[in-house]
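Below is one structure, written out as structure tokens; the observations come after it.
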Amino acid sequence: MGKIVRITGPVVIADKMKGSEMYELVRVGEEGLMGEIIGLTEDRATIQVYEETSGVKPGEKVEGTGKPLSVELGPGLIGAIYDGTQRPLTVIRAKIGDMIKRGVSAHALPRDKKWEFVPKVKKGADVVEGDILGTVKESKLVEHRILVPPGINGKVLEVADGAHKVEDAIATIETADGKRDIPMMQIWPVRRARPFKEKFDPNEPLLTGQRVADTFFPIAKGGTVAIPGGFGSGKTVFLQQVAKWADADIVTYVGAGERGNEMCDVLVHFPQLKDPRTGESLMERTTLIANTSNMPVAAREAGVYTGITIAEYFRDMGYDVALMADSTSRWAEAMREISGRLEEMPGEEGFPAYLASRLAEFYERAGRVRTLGSDERFGSVTVLGAVSPPGGDLSEPVCQNTLRIVKVFWALDTGLADRRHFPAIHWLTSYSLYVDNVREWWKQKLGEDWKSLRDEAIAMLQKEAELEEIVKLVGPDALPEPERAVLEAARMLREDFLQQFAFHEVDTYCPVEKQLGMLRLVLDFYRNSVEAAKRGIPVAEIKKLPIKDTIASMKRLPSEKFAKEQGKMEKQLMEQFEALLKTRKAPVEEGKREG
């Protein structure tokens, strides 16, 4: 038990804290505010408090808990809505009303609910850490696998069956250190990564249903993505789109300091949305951590670590997990404020010198792994972090340090967003280092070299950018017809393929088969129009072809209908270009005969 000697916003200094440890969870003041020790000098502790400290006075008590900031892991996580410190917001609201008071706490997992436990091991079996003891049907989409906790190996003496609470022992294991009762629930420190056997290079794409992401700049399961962009460029909307439609088994969405209305949008719409693969509500496989900007800044760090720990827990069961962090810039701003309160030497733009290492510690917990356990089980955590650089300046420290870590860069462009082009991911500044990793998957899945089509499309857009510079100088009339054909085909690629309608019932999600078919049609038009222009057909004539309108409307066709119509569209495209060339060729031949 210590005493407060100084309070500086969310930072509290306490004396007489001998015996405390770094990152120990403490209760601050008479109201028992939640805090974490982030510095120790002899018996003086520096504490960052995860709740508002106004009204707290020097001399009030600080009580250590003897354990680090931890999360509860077990049945009850799916569909839950937590704050940054894993307090269940729905439970607290039912207890005290809409406004959360300071010092209020509640168990993260319900203690009164019974879950139907189905054992997978028998009495007398030898088990090792990570083995599946049994399962609980947590939701319609998620089978919760109860694992032997890390560090425990031995023989099963007893195993339960039937309905049990999370604190009930569902197995007793004879270990080298004696008997251990294993409950359904585990408690894990958030700052410590959960162990695994082996980490692999990601080689399977995380499909999002967003064409610019899947076809142009793919992310692999177990990969890392940065989504930087200025205010209003669509970071949150795009991140929500990925959370809705990604083919991950589990989604963990962390709102780290974002505006309340944006998190409210997630909370309202996710339960109403249907999973395209199962038809069930998306909340049947989602955990939300709502830590908005009006909460104390220190809680943002707790929210990010809580989210990644929950994601690792489901990964250990053998699931593919997608973690959305919106946004890491708000977390970095919290680090800057705490660092300033601690009077540390500032780094670039006032951020702490350890900014890069903290970001790296977070992103390196992503990956595709072979999990603990005697069976062969694989799982992954894919981390997608939004970055909110002030004024859209991608050269600022958070953005640059994130870029050194992640493998995919989805750069949002304010100019595209202003033109209502969604997603506003710019095709010339974005990149993915997973293209070669996932190439084989595309070939096996669709039987075609997707990369060659992708590279041709990107080359067309780069050519368009070069021609646009010439047009700005000398005007479009100075361009020869083939180059005008390139500009028209690139416009179609941008508007008819890359642009997507998030709120359209069909276009909000595009399967990869349809994506590849759409891209092939646009590229066929591109090749034929350039060839026709070289043979003397004016681009103005090419623009009048009916197939142009057909291609423009293909994004609104349901995928089943598009699959049936695709061959017909390709045939129409070839026939219309052949007819156009014949009409151009006929007068020339007539003139030759007259001569």
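The values are calculated or read from the model by the stated rules, or taken from the named source; none is laboratory data. This is a predicted model, so every value here is computed, not measured. Reconstructed Cβ throughout: ideal geometry from the backbone, glycine too, with neighbour counts over all protein chains shown. SASA here: full protein model, heavy atoms, side chains in, ligands and nucleic acids out. Shrake-Rupley method; radii C 1.70, N 1.55, O 1.52, S 1.80 Å.
Residue by residue, here is whether (1) more than 30 Å from P150 (Cα to Cα); (2) without any contact (Cβ under 8 Å) to a residue 12 or more places away in the chain; (3) in contact with a His (Cβ under 8 Å, 6 or more places away or on another chain) holds:
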site	(1), (2), (3)
A356	no, no, no
A360	no, no, no
A366	no, no, no
D375	no, no, no
S388	yes, no, no
G391	yes, no, no
R404	yes, no, no
D413	yes, no, yes
Checklist entry - Across region 39-83, what is the total count of residues that are among the β-branched types (V, I, T), touching a Ser or Thr at 6+ places or on another chain (Cβ under 7 Å) and surrounded by fewer than 17 Cβ atoms within 10 Å (Cβ to Cβ)? => result 0
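Given the criterion closer than 26 Å to I405 by Cα, among the polar types (S, T, N, Q) and touching a Leu at 6+ places or on another chain (Cβ under 6 Å), identify the matching residue among T328, T371, T309, T287. Walk me through how you get there before you give the answer.
Details: T328 fails: touching a Leu at 6+ places or on another chain (Cβ under 6 Å); T371 fails: touching a Leu at 6+ places or on another chain (Cβ under 6 Å); T309 fails: touching a Leu at 6+ places or on another chain (Cβ under 6 Å).
Every option except T287 fails the conditions.
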Checklist entry - Which residue, of A579, A502, is open to solvent by less than 30 Å² (accessible area, probe 1.4 Å), among the small types (G, A, S) and either without any contact (Cβ under 8 Å) to a residue 40 or more places away in the chain or at negative phi (or both)? => result A502
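Here are some residues: D449, D477. Which one is farther than 19 Å from S430 by Cβ, exposed (fewer than 15 other Cβ atoms within 10 Å of the Cβ), without any contact (Cβ under 8 Å) to a residue 24 or more places away in the chain and within 30 Å of the chain's Cα centre (by Cα)?
Going through D449, D477 in turn, the sole match is D449.
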Checklist entry - For region 215-273, which residues satisfy the criterion of being more than 16 Å from S430 (Cα to Cα), of a type in the set (S, T, Y) and open to solvent by less than 10 Å² (accessible area, probe 1.4 Å)? => result T252, Y253
Checklist entry - Within region 131-176, which residues are open to solvent by less than 20 Å² (accessible area, probe 1.4 Å) and hydroxyl-bearing (S, T, Y)? => result T135, S139
Next on the checklist: So, G340, is that one surrounded by fewer than 24 Cβ atoms within 10 Å (Cβ to Cβ) and either modelled with pLDDT of 90 or more or out of contact with any Phe, Trp or Tyr (no Cβ under 8 Å at 6 or more places or on another chain) (or both) or not?
Outcome noted: yes
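Among the listed residues K544, K582, K592, which satisfies the condition of being at pLDDT below 95, in a loop (DSSP other than H, G, I, E, B) and not aliphatic (A, V, I, L, M)?
On the way: K582 fails: in a loop (DSSP other than H, G, I, E, B); K592 fails: in a loop (DSSP other than H, G, I, E, B).
Going through K544, K582, K592 in turn, just one is at pLDDT below 95, in a loop (DSSP other than H, G, I, E, B) and not aliphatic (A, V, I, L, M): K544.
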Item to check | Members of region 177-214 found to be under 21 Å from D249 (Cα atoms), of a type in the set (A, V, I, L, M) and open to solvent by 40 Å² or more (accessible area, probe 1.4 Å), listed by number | outcome: A193
Next on the checklist: Quick check on my filter: what residues within region 514-571 are out of contact with any Gly (no Cβ under 7 Å at 6 or more places or on another chain), open to solvent by less than 30 Å² (accessible area, probe 1.4 Å) and of a type in the set (F, W, Y)?
Outcome noted: F525
Item to check | Residue among E31, E63 that alone is assigned to a loop (DSSP other than H, G, I, E, B), touching a residue at least 60 places away in the same chain (Cβ under 8 Å) and touching a Lys or Arg at 6+ places or on another chain (Cβ under 6 Å) | outcome: E31
Checklist entry - Restricting to region 405-422, what's the tally of residues that are among the hydrophobic types (A, V, I, L, M, F, W, C), in a loop (DSSP other than H, G, I, E, B) and open to solvent by less than 30 Å² (accessible area, probe 1.4 Å)? => result 3
Checklist entry - What number of residues in region 94-147 are touching a residue at least 60 places away in the same chain (Cβ under 8 Å), β-branched (V, I, T) and part of a loop (DSSP other than H, G, I, E, B)? => result 2
Item to check | Residue ID - farthest from V435 (Cα to Cα), chosen from residues in region 454-512 that are in a loop (DSSP other than H, G, I, E, B) and among the aromatic types (F, W, Y) | outcome: F503
